[in-house]
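First the structure, in the form of structure tokens, and then the observations on it.
Bear in mind that the values in this text are calculations on the coordinates, not laboratory data. Just so it is clear, the structure is predicted and the values come from calculations on it, not from any experiment. Cβ sites come from the backbone with ideal geometry, for glycine too, and all protein chains shown count toward neighbours.
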Amino acid sequence: MSTRGHSIEIDATECIGCVDCCKACPTKAIRVKDSLAVVIPELCIDCGACIRACRYHAARALTTPTSDLKRFKHTVALPSLTLYAQFGKDVLPAQVLQGLTEIGFDSHYDLSWMCEMLGGATDAYLAECEGPWPKISVTCPAIVRLVQIRYPDMIPNLLPIESARELAAKLLRKKLGMRLGLAEDEIGVFFITPCSAIVNSIVAPVGLEQSYLDGALSISEVYGALRQAIKKPGKESPAEEEVSPSGLLWAMAGGEIAGMRNRNTMTVRGVRDVEYVFDHIEAGKFQSVDFIEAYICPDGCVSGQLVVEGRYAAQRNIQQLCNRLGTQSHVKEEKVRSMLREHFFDLEGQVKARSIRPIARDLRAAIARKREEQAVLDRLPKKDCAACGAPTCATLAEDVMRGNASVEDCVFVKLATLEQKLEQKKEG
Amino acid sequence: MSEEVLYSEKFTIRGNDYERGGEVAARIKSVMKELGIAPDITRRLAIANFEAEMNVIMYADEAVLEFSVLPEAVRVVLEDRGQGIPNIELAMQEGWSTATPEMRRRGFGAGLGLPNIKRNSDEFAIESAVGVGTTLRYLIRLG
């Protein structure tokens, strides 16, 4: 698999060069040049805001081509819990999972138990952890990337516990390998993803040398075939698969902390609120909170860009499924604690800061560049019209300072220059 | 002796302007990040600035905050017009910022984050005149 910095692709034939994505990007990672949006890889956190904003469907997630499934002797579908919420309240997880084997996977795996276990592991970790507070969940990979880029001094706040999908894939690979007599690399584990951020977390994992997953297909890609398989008339419905109700809740914001014993927790939803809270954490606030689950999407995974069912209906579906399931649990706290002690849940590697190119090598030079930038900004209209291809006037000023744009890219500046020339001509 | 100021920026903070609370601290933090100042120094100054800014909003009429980058340090001078602090020693006591309701009723108002500002700076000075205002200076050394 090739290494790449990010997993968003702009289709040049569909992109008309409007500035919707460029304005929507929370990290200002998109510029529009010659009627085409271009992603700056080092700034992109794969949150998918551009995919959501694009009216022309030109911004897409680079999911795994289905032909990749053929590389393996045995393929497993590991669906995001959000997949269970896509087909209305009457379709049960067992039907969804069975459907996955009917559309081409050799087997399937339910993630809800692993989520419930992770909740227990988080509780146990927090009880013994000595800060810095608050700890922040690493479930949403876009959050981890945002911390790496924008809040590097908050890296020690990230909970050093791996995501449920990676842990499940790791476990599965071992179990299946033994059961089927296959080498671990003969088994392909594919995540069915609600978002672009997870796609990238597999290609370019953080806190992990290499992902235990082999790729990701989007919920919207598999939806059509899966729906047909589920709704095929005259089909026997499978035995009800036991899923964990408290694990299921992880499909939506608030779900991660809902099953935890520790109640000194908080949920933060959507990129603006996340920035607001993280800015405050950086300023020393929220230290009395033990744990924060944060999602770049407004309602957690059910509101990813690659889903079909709307986020309100999806949340209702999850809730109703939980009501139906009651409060069953098979997770033993003591077992989880011993697995934590044996480091099963640990993030294997370090999360490193992804610093953006410094503007200069030393402080004096940096200040000189900053002044140049300010001088450019003083000439700009501060309307943030984005007609130049940068999302704001301040971003254009920075691009000019870095030598990546010209102040004449601004239509207002250009107009003023032309008028001036005309004036001079008249006088001359 | 004249000192060399590499960069400075002044901000006006108005009392009771809760709507813009934290804006100045956030702006200075982003400037420091852009200049490539070490994250721990940026973080410490951000914490101090946030406390200082909120103090003005909660207790003073108006203030001017001057942020300066010196060759060896970052410095903030904050001069406010306001009620002043009658007993600085008391306001500087650790734990004062998390004052109990009884302590709050003793006339000082709760939660001057002064100890927190001091803790996060390498040099800290305060002067205050009751009925006139308070001047804070704090500095964090680079590297």
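What the table shows:
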item	result
Inter-label distance for residue A:184 and residue A:332, nm, one decimal - labels placed 7 Å from Cα along Cα-to-Cβ	2.6 nm
Angle in degrees between helix B:23-34 and the longest Cα principal axis of chain B, rounded to the nearest 10	20 degrees
Chain A, relative contact order [Cα under 8 Å, separation at least 6], %	21 percent
Linear extension gain, residue A:288 paired with residue A:406, 0.36 nm per residue minus alpha-carbon span	37.8 nm
Reciprocal mean inverse distance between Cα atoms of chain B - Kirkwood radius, Å	15.4 Å
Projected area averaged over orientations for the protein assembly as shown, convex hull of C-alpha atoms, nm²	33.7 nm²
Residues with amide H under 5 Å from that of residue B:73, placed H, sequence gap 5 or more	B:142
Residue A:228-residue A:34 FRET efficiency (beta carbon distance; Förster radius 35 Å; 0.05 resolution)	0.25
Residues of type aspartates and glutamates that residue A:175 reaches as a straight line, Cα spacing below 17 Å, ignoring anything fewer than 8 places off in the same chain	A:106, A:110, A:166, A:184, A:185, A:186, A:214
Stokes-Einstein diffusion coefficient of the stretch A:66-341, Kirkwood radius over Cα pairs, 10 °C, 1.306 mPa s, in µm²/s	83 µm²/s
Computed E for residue B:16/residue A:416 - FRET, C-beta separation, R0 35 angstrom, nearest 0.05	0.30
Fraction of beta bridges assigned by DSSP in chain A that are antiparallel (%, nearest 5)	30 percent
Residues residue A:11 and residue A:387, FRET efficiency given R0 of 25 Å [Cβ-Cβ distance, rounded to 0.05]	0.65
The stretch A:229-293-the stretch A:163-184 distance, computed between alpha-carbon centres (Å)	25 Å
Net charge over other residues, Cβ less than 13 angstrom from the Cβ of residue B:40 (K, R count +1; D, E count -1)	+2
In degrees, nearest ten, helix B:39-59 long axis to first principal axis of chain B (Cα)	40 degrees
The stretch A:232-288: trypsin sites (Lys or Arg not before Pro) falling in loop per DSSP and having at most 11 other Cβ within 10 Å	A:263
Partner aspartates and glutamates for residue A:421 [C-alpha distance under 18 Å; skip if fewer than 8 residues away on the same chain]	A:408, A:409
Within-12-Å neighbourhood charge of residue B:51 [Cβ basis; K, R +1; D, E -1]	+3
Distance (nanometres) between label positions extended 7 Å along Cα→Cβ at residue B:5 and residue B:137	1.2 nm
